[in-house]
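Here is the structure we will look at, set down as structure tokens.
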Amino acid sequence: MRTALLIAMLALAACAGDHGSVELVGSTMGTQFNVKLPNGLGEHDALALKQAIEAVLDDDEAQMSTYLRDSDISRFNINRTAEWQGVELSFCEKVAQSLAISEQSGGAFDITVGPLVNLWGFGPGGMVDEPPSDDAIAALMDITGFEKLHADCSRPAVKKDVGDLMIDMSAIGKGFAADRVAALLVSLDFDSFLVEVGGELNIRGMNARGKPWAIGIEAPLPNARKPHAVVHLTDTALATSGDYRNFFEADGKLYSHTIDTRTGRPVTHTLASVTVVDEKGWRADALATALLVMGPEEGMAFAEREGMAVLMLLRTDDGIEERQTAAFNAYRDIS
């Protein structure tokens, strides 16, 4: 689950706000996008700008959507050969960047996890009533794992070592999309904006009041939506991953939708959500997922070692426990 932001305005195509600010909103990738321009449109036309943003997002969806049978990712998944497959350079780069996070995280982030997610009832096949068998898990472990996926962007091409391997970029794709929209706005000389795609953020400059953007981080509560903390950001990106709304129960035990490809099973720790601040949205997106898989101890040690800005929210018998890295604390100081 991702950070909930600005939901009340999402039904509008464009609207003017305080201090002449403009908001452009719409749908993409099965979710919504929201672009805030605190200093207005300048010389740009609202409709033309919205169409340009949608064109960028449509291009990303045509690459990464598993719901489109002719997308780059669907064509790769459908092709059962273990030969190199020629792809667009930008798609190859997305695969290569995903693999880089897999290497960095020791496999905690892995875009080949899709078949295991489906097996546990969290994919398009629908929910299950009980956990899968050990044999069923073992069979899918043979066809998952980032080490079986390769990208050579000098060609550009991608390949898999086993024909049944499939990839899913849902844990990194919205970060990619937010970054691409931000790059578009920079190319059009906007120096202050907030881009949100499905909860993933890319932020530049200041808000309409000339201050860093105040961003609410949702409390990990299954039956309520309220902020737990506020951070103040400029010229950076933010992503939050959590497991507190998507799970199933069998024989009194809860099973999270967060699957660890290293074990083939849902995580069992108490970490409920992870927020990462990074200069790149795609990296924040992927690392938030990786840390959620790792759990509070392994994840925090990894985050501190890598110098990451991270906030973790854990479930305890007394409520929510908060842990953060030293780098994250700077974003909570409003001075």
Review point. Out of all the residues in the range 184-191, is one or more farther than 16 Å from Ser98 by Cα, surrounded by 15 or more Cβ atoms within 10 Å (Cβ to Cβ) and among the hydroxyl-bearing types (Ser, Thr, Tyr)?
Key: no
Review point. Which residues, counting only those in the range 236-264, are over 11 Å from Val293 (Cβ atoms) and modelled with pLDDT of 90 or more?
Key: Thr236, Ala237, Leu238, Ala239, Thr240, Gly264
Check your understanding: Does any residue of the range 32-54 turn out to be in contact with a helix residue (DSSP H, G or I) (Cβ under 6 Å, 6 or more places away or on another chain), modelled with pLDDT of 95 or more, surrounded by 14 or more Cβ atoms within 10 Å (Cβ to Cβ) and farther than 22 Å from Arg283 by Cβ?
Key -> yes
Exercise for review: Collect the residues in the range 303-335 that are assigned to a loop (DSSP other than H, G, I, E, B) and not β-branched (Val, Ile, Thr), keeping them in residue-number order.
Suggested key: Glu306, Gly307, Met308, Asp317, Asp318, Asp333, Ser335
Exercise for review: Scan the range 210-237 for residues that are farther than 19 Å from Gly319 by Cβ and either of a type in the set (A, V, I, L, M) or not in a loop (DSSP other than H, G, I, E, B) (or both) and report the count.
Suggested key: 8
Practice item. Consider Lys159 carefully, then state whether it is surrounded by fewer than 13 Cβ atoms within 10 Å (Cβ to Cβ) and in contact with a His (Cβ under 9 Å, 6 or more places away or on another chain). Key: no
Revision key, fill the gap. Within the range 11-31, the residues that are in a strand (DSSP E or B) and at pLDDT 90 or above are Val22, Glu23, Leu24, Val25, Gly26, Ser27, Thr28, Thr31
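Let's see how each residue does on (1) assigned to a strand (DSSP E or B); (2) hydroxyl-bearing (Ser, Thr, Tyr); (3) under 19 Å from the mean Cα position of the chain (by Cα):
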position: Cys92; (1), (2), (3): no, no, yes
position: Ala100; (1), (2), (3): no, no, yes
position: Gly106; (1), (2), (3): no, no, yes
position: Asn118; (1), (2), (3): no, no, yes
position: Gly126; (1), (2), (3): no, no, no
position: Pro131; (1), (2), (3): no, no, no
position: Glu147; (1), (2), (3): no, no, no
position: Ala151; (1), (2), (3): yes, no, no
position: Val158; (1), (2), (3): yes, no, no
Check your understanding: Residue check: is Ile203 part of a strand (DSSP E or B), within 17 Å of the chain's Cα centre (by Cα), within 23 Å of Ala330 (Cβ to Cβ) and modelled with pLDDT under 95?
Key -> no
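The values are calculated or read from the model by the stated rules, or taken from the named source; none is laboratory data. Remember, it's a predicted structure, so these values are computed and weren't measured experimentally. Here Cβ is always computed from backbone atoms with ideal geometry, including for glycine, and neighbour counts include all displayed protein chains.
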